[in-house]
Amino acid sequence: MRRDIFQAIADPTRRAIITLIALQAMTPNAIADNFHTTRQSVSKHLRILTECELVKQEYQGREIYYSLEINKMKEIDKWLDQFRKIWETRFDQLDKVLSTMKKQKK
Amino acid sequence: MTNNLLFDFTVDKAAKTVYITREFDAEQSLVWDAFTKAELIDQWIAPKPMTAKTKYQDFKVGGKRFYAMISPEGQERWAIQEYTSITPKTNFKMFNVFADKDENPEPHGSEWDHNFSEQNGITTVNISIYNESLERMEKILDGFTRGMKMSLSNLENLLATLSKK
């Protein structure tokens, strides 16, 4: 199932999980220890993040470790950066329009 | 143009809102006109190489602006802006929604809020854009980048043709 990546990071708990595992790969239990919530709820968040390919799972023995997909996070930054650039271009154009308007007023 | 004018762009994904702040080296009434008069909006709102055209505008509460963003290939993307609140020279709010060329709106839109203030001849504009869905935002951007990419590949083709001569 493919999910909207922005929906994934719209939730504050999921954002906190991302911040945690950005530092090091962690097991679901270790992640749950950081939240006042049930292990099930953390598992649900991890499942959503995995479906969005924002986190990846790695097996070490019987334990599953979750870590961050850095490239996927970069995709979000890139996307936002493009949006920002559109506005930059727009406003540069507006600066020119305003300076013409000023001259016409004089 | 040297540009020391403030530009701030932040996205609050949880609130599905984009916040934009920009200063302009012009008095408030000019900036207000540039944001609210269709013939002026059309001159800057479409990032080059896109262009914008307004079919009609009725700038009053409940009134609309029906306009299109046009790609270099002539592809038109129509949208409707409905003005929901206007306080002359200081604030206006509108609801923006994509539409077809016959003015039939798509289901989701965005709510725009613009605030204008002036200090020492510099006008600050604060814009917040609330999107009902972030997927929609992604779609807007996709349209823009496709427009840009197309014109870039046109340029590449042109350069390739020229270099063969």
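Relative to the current alpha-carbon distance between residue A:100 and residue A:16, full extension at 0.36 nm per residue lengthens the span by 25.4 nm. Calculated FRET efficiency, residue B:126 to residue B:87, Cβ-Cβ distance, R0 = 22 Å: about 0.95 to the nearest 0.05. 3J(HN,Hα) along the stretch B:26-35: 6, 6, 4, 5, 5, 5, 4, 4, 4, 8 Hz, from the Karplus curve 6.51 cos²θ - 1.76 cosθ + 1.60 with θ = phi - 60°, whole Hz, x for Gly and Pro. Estimated at 0.36 nm per residue, the fully extended path between residue B:27 and residue B:115 surpasses their Cα-Cα distance by 30.3 nm. Near residue A:27, the amide H atoms lying under 5 Å from its own belong to A:66; only residues 5 or more places off or on other chains count, and H is placed 1.01 Å from N.
When the Gaussian network model of chain A links Cα atoms closer than 10 Å, the mean-square fluctuations of A:92, A:81, A:33 top out at A:92. The amide H of residue B:46, built 1.01 Å from its N in the peptide plane, has B:52 as neighbours under 5 Å, considering only residues 5 or more places off or on other chains.
A simple spin-label model places the labels of residue B:10 and residue B:37 3.4 nm from each other, with each point 7 Å out along Cα-to-Cβ. Considering only A:86, A:48, A:70, the mean-square fluctuation computed in a Gaussian network model of chain A, springs between alpha carbons under 10 angstrom, is largest for A:86.
Per-residue ellipticity at 222 nm computed for chain A from its helices equals -21500 deg cm²/dmol, with DSSP H segments shorter than 4 residues left out and the rest contributing -39,500 (n - 2.57). Each part gets one Cα centre, and for the stretch A:12-61 versus the stretch B:68-132 those centres are 38 Å apart.
Between residue B:76 and residue A:59, the modelled labels are 5.8 nm apart [label points 7 Å from Cα along Cα→Cβ]. Spin-label pair residue A:67-residue A:51: with each label point 7 Å from Cα along the Cα-Cβ axis, the two points sit 2.5 nm from one another.
Summed over all non-identical Cα pairs, the Kirkwood treatment of the stretch B:4-80 gives a radius of 14.5 Å. Set the Cα radius of gyration of the stretch A:1-68 against 2.2 N^0.38 Å, with N its number of residues, and you get 1.01. Estimated at 0.36 nm per residue, the fully extended path between residue A:88 and residue A:39 surpasses their Cα-Cα distance by 13.2 nm.
All of the numbers you see were taken from the coordinates with simple rules; none came from a lab. Note that the structure is a prediction, hence the values are computed from the model and not measured. As a convention, Cβ positions derive from the backbone with ideal geometry for all residues, glycine included, and neighbour counts pool all protein chains shown.
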